[in-house]
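Okay, so here's the structure we're looking at.
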Amino acid sequence: MNWRKWCDGFALAGKGILLATREKRFWAGFSIAFLFFGTLMNLLAGGFSKFELMAASGFGGSMKIIGDAFIGVFGINMVVTDWIFVFLISLLQGALIGLIVLIWHKKRVSSGGDTSNSANVEKAGIVTGLIALGAGCPTCGTTLLTPLLGAVFSTGGLAVTGVISSIVTWLAIIIAVLSLKRIGEETYVIIVNEKYLKKKEECEKSA
């Protein structure tokens, strides 16, 4: 593996993400995804227990539970170790969705551009699936995997679930980072090319 080329790719992706932060559509996609996934992961912190509680609490109680999950995205009333994972994954997923939205828009408006974005959407979907499976409480080992693994492992279920949950969570982070590298590079090329074509058009008009 060419590590120099690999590092250059991350540097290029970083430049692409920085350029994307100047675009309103990136922030629109990022904000929605960041808050949605952060809130969802906090709701899934105890498996489906909070959803069951919402069903029994009525509208007012449900809104309070959702509100607590929402403010938990910012670390309020959260255990630091649990919040770090929620915040990090929400940040990565938000950036991923934001870049996909931006790329889709720029490809759509560019004349003759390829509007296909299925590969990027598929990557985001994989990350989302892993996030859902690994979501939960790392310290207590409670995730969506708990009922399934509890049926397989009659003893030591929580310990096994905690280990697998950690593996799935880290796998989601790794895939999100690699996806950001690929999509960040694509974003850089699209934005730089767009600026070049715009500058070229202005020069031709002024000539």
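General remarks:
- Greater than 25 Å apart at Cα, pairs in 15/107; 24/199; 15/195; 24/50: 24/50
- If R0 is 41 Å, the Cβ-Cβ spacing of residue 59 and residue 206 corresponds to a FRET efficiency of close to 0.10.
- Among 81-90, 3-12, 94-103, the order from most to least packed when residues are scored by Cβ within 10 Å on average: 94-103, 81-90, 3-12
- Couplings 3J(HN,Hα) of the stretch 78-87, computed from phi: 10, 6, 3, 5, 6, 5, 4, 5, 4, 5 Hz, in residue order, whole Hz [Karplus 6.51 cos²θ - 1.76 cosθ + 1.60, θ = phi - 60°; x for Gly and Pro].
- FRET efficiency for residue 197 and residue 171, using Cβ-Cβ distance with R0 set to 30 Å, rounded to 0.05: 0.15
- Per residue, the accessible area of the stretch 29-110 comes to 49 Å², computed with a 1.4 Å probe over protein heavy atoms only.
- Simple spin-label estimate for residue 51 and residue 35 in nanometres, 7 Å along Cα-Cβ: 2.2 nm
- Here the Kirkwood formula puts the hydrodynamic radius of the stretch 46-109 at 14.0 Å, using every distinct Cα pair.
The values are calculated or read from the model by the stated rules, or taken from the named source; none is laboratory data. Here the structure is a predicted model, which is why all the values come from computation and not from measurement. Virtual Cβ from ideal backbone geometry, glycine too; neighbours counted across all protein chains shown. These accessible areas exclude ligands, DNA and RNA; they are computed on the full protein's heavy atoms, side chains included. Shrake-Rupley method; radii C 1.70, N 1.55, O 1.52, S 1.80 Å.
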